[in-house]
1. State which residue pairs qualify: first residue farther than 24 Å from Ile57 by Cβ and open to solvent by 40 Å² or more (accessible area, probe 1.4 Å) and inside region 146-169, second residue acidic (Asp, Glu) and in a helix (DSSP H, G or I) in any location, beta carbons under 8 Å apart, and separation of 6 or more residues or different chains.
2. Please determine, by comparing only the residues of region 113-122 that are assigned to a helix (DSSP H, G or I) and open to solvent by less than 60 Å² (accessible area, probe 1.4 Å), which one is nearest to Ala74 (Cα to Cα).
3. Starting from region 336-364, take each residue that is over 18 Å from Leu307 (Cβ atoms) and list its partners that are modelled with pLDDT under 85 and assigned to a loop (DSSP other than H, G, I, E, B), counting only C-beta distances under 8 angstrom and pairs at least six apart or across chains.
4. Output the residue which, of all residues in region 366-384 that are touching a Gly at 6+ places or on another chain (Cβ under 8 Å) and closer than 19 Å to His120 by Cβ, is surrounded by the most Cβ atoms within 10 Å (Cβ to Cβ).
5. Could you tell me whether region 395-408 includes any residue that is assigned to a loop (DSSP other than H, G, I, E, B), hydrophobic (A, V, I, L, M, F, W, C), under 20 Å from Gly288 (Cβ atoms) and open to solvent by less than 40 Å² (accessible area, probe 1.4 Å)?
6. With Asp69, Asp78 as the choices, which residue is surrounded by 14 or more Cβ atoms within 10 Å (Cβ to Cβ) and at pLDDT below 90?
7. Would you check if Phe194 is open to solvent by less than 30 Å² (accessible area, probe 1.4 Å), at pLDDT below 95 and among the aromatic types (Phe, Trp, Tyr)?
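The values are calculated or read from the model by the stated rules, or taken from the named source; none is laboratory data. Please read all numbers here as calculations on a predicted model, not as lab measurements. All Cβ positions, glycine included, derive from the backbone under ideal geometry; neighbour counts span all protein chains shown. When the accessible area is computed, the model is the full protein with side chains, heavy atoms only, and any ligands, DNA or RNA have been set aside. Shrake-Rupley method; radii C 1.70, N 1.55, O 1.52, S 1.80 Å.
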Amino acid sequence: MTDSLHERKKTQMARRRKHRARAEKRFRLYCVSAVLAAILFLFLMIGSLLANGYTAILQTHVRLDIHYDEAALAPKGDVTTAALMTADYGALVRQSLQVKFPDVEGRGDLRQLFALVSDHARFRLRERVLKEPAAIGTREAIWVPASGDVDMLMKGALRRDVPEGSRRLNDRQIGWVDRLAAEGVIAKKFNSAFFTNADSRTPEVAGIWGAVVGSFYTMAVTLLLAFPIGLMTGAYLQEFGPKNRWTRLIEVNINNLAAVPSIVFGLLGLAVFLSFAGLPRSAPLVGGITLTLMTLPTIIIATRASLLSVPPSIREAARGVGASESQVVLHHVLPLAMPGILTGTIIGMARALGETAPLLMIGMVAFIADIPQGALDPATALPVQVFMWADSPERAFVERTAAATLILLAFLITMNGLAVYLRKRFERRW
């Protein structure tokens with residue numbers, strides 16, 4: 001009887017061990033599946049951005065034989081800068097295309113022919129003449145950007161096998177492009193304008209530099225305000241402040257503010273900084289102050305956690321040699337906690353760099369064609385630029401949206417990598 005009971009218990013224990021082993025295997029399988037799914041989605045996102053965005057580094061250009069006709073540029077013999085600024089450089093582009101395609105006649109056909117070249121080509125000719133007025137009266141072969149539709153055709157994004165009515169280029173325009181390609185006067189070149197220009201309505205000359213500079217000024221304002229205020233607030237609450245209901249209430253509210261949706265900070269910035277204080281709209285100064293409010297809880301929480309991680313023996317040793325409370329914190333505790341504080345600050349700044357909603361509310365979504373020269377100039381930011389391009393109907397903005405997103409991700413990965421490096425480089429184990 002006793003042996004039978006013992007055997008039954010042994011069998012039940014073996015069954016339970018097998019059940020626990022199977023449960024543990026299922027749990028590990030679920031965990032590994034979750035990690036693989038996350039990696040898969042990450043690769044899909046990066047792969048999709050690369051597939052759509054790598055073509056943005058190239059732009060189709062057309063080589064035109066330009067005659068800097070004096071009768072068109074300076075009909076009255078006036079070659080001053082003011083006169084040359086207002087000259088009709090578009091006429092030179094149209095004249096060159098008509099010479100290349102003499103069989104094209106009629107107002108409608110000529111309009112279609114001129115649409116092959118970007119409207120920005122006349123600005124390139126203007127820059128050339130203003131830089132060297134002696135070029136007036138001469139001839140020169142110069143590469144100018146093709147229109148966005150031609151660029152898409154050359155990159156294969158505009159399909160030829162769809163009905164003509166569904167295409168932005170008709171069969172005759174495609175024939176002209178093929179003729180230019182056969183003559184070797186149309187080619188894809190490095191798209192330097194994408195990295196050096198500001199935003200533009202025409203995708204072939206639209207760039208990210210204006211948004212990058214706007215983001216730089218916005219982040220500079222955010223860092224200059226958020227870091228000292230967050231550091232001092234966290235140090236006071238952790239090291240100097242009394243432990244009563246009021247400080248606990250402040251701490252709870254700071255923790256809650258870290259989870260508030262960013263659009264709320266945008267509404268606050270709109271009501272306080274624009275409507276009440278009258279600060280300039282679309283300025284990086286206002287964007288930086290608004291993002292400071294959003295970043296402060298992250299820096300304060302990181303500061304308090306870093307100060308709390310310093311062993312009490314450090315404080316006691318400093319007090320033992322006669323240091324005051326401020327000396328204990330500033331000379332001994334704060335330097336040891338600084339790696340964690342910097343890590344939290346960089347993570348908060350990285351979050352602010354990728355935010356769009358607060359900047360939309362304060363007007364940084366406006367079309368800004370100039371590169372800002374200061375924190376008070378109208379500007380946009382890189383995530384807002386991505387948002388605006390993603391909303392544009394032109395197909396050529398799709399590749400620029402993907403390329404700008406990749407650059408934004410590169411900035412974010414760099415900032416997070418810097419945070420990891422600082423934590424590993426200055427980390428201390430107690």
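1. Glu164/Asp171
2. Restricting attention to region 113-122, the residues satisfying the condition of being assigned to a helix (DSSP H, G or I) are 113-114, 121-122.
If we keep only those that are open to solvent by less than 60 Å² (accessible area, probe 1.4 Å) too, we end up with 113-114, 121.
On the way: Leu113: 26, Phe114: 23, Ala121: 19 Å.
Here the answer is Ala121.
3. Leu359/Val365
4. Narrowing region 366-384 to residues touching a Gly at 6+ places or on another chain (Cβ under 8 Å): 368-372, 375, 379-383.
From what's left, closer than 19 Å to His120 by Cβ: 368-371.
On the way: Ile368: 21, Ala369: 12, Asp370: 11, Ile371: 18.
Step by step, filter region 366-384, then rank; the result is Ile368.
5. Applying the first criterion (assigned to a loop (DSSP other than H, G, I, E, B)) to region 395-408 yields 395.
The next check asks that each one be hydrophobic (A, V, I, L, M, F, W, C); those that pass are none.
Checked region 395-408: no residue is assigned to a loop (DSSP other than H, G, I, E, B), hydrophobic (A, V, I, L, M, F, W, C), under 20 Å from Gly288 (Cβ atoms) and open to solvent by less than 40 Å² (accessible area, probe 1.4 Å).
6. Details: Asp78 fails: surrounded by 14 or more Cβ atoms within 10 Å (Cβ to Cβ).
Matching residue, one of Asp69, Asp78: Asp69.
7. On the way: open to solvent by less than 30 Å² (accessible area, probe 1.4 Å): yes; at pLDDT below 95: yes; among the aromatic types (Phe, Trp, Tyr): yes.
For Phe194, the condition - open to solvent by less than 30 Å² (accessible area, probe 1.4 Å), at pLDDT below 95 and among the aromatic types (Phe, Trp, Tyr) - is met.
Yes/no matrix, rows are residues, columns are (1) over 30 Å from Val185 (Cα atoms); (2) among the hydrophobic types (A, V, I, L, M, F, W, C); (3) touching a residue at least 60 places away in the same chain (Cβ under 8 Å):
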position	(1), (2), (3)
Leu29	yes, yes, no
Gly53	no, no, yes
Ala72	no, yes, no
Asp88	no, no, no
Gly108	no, no, no
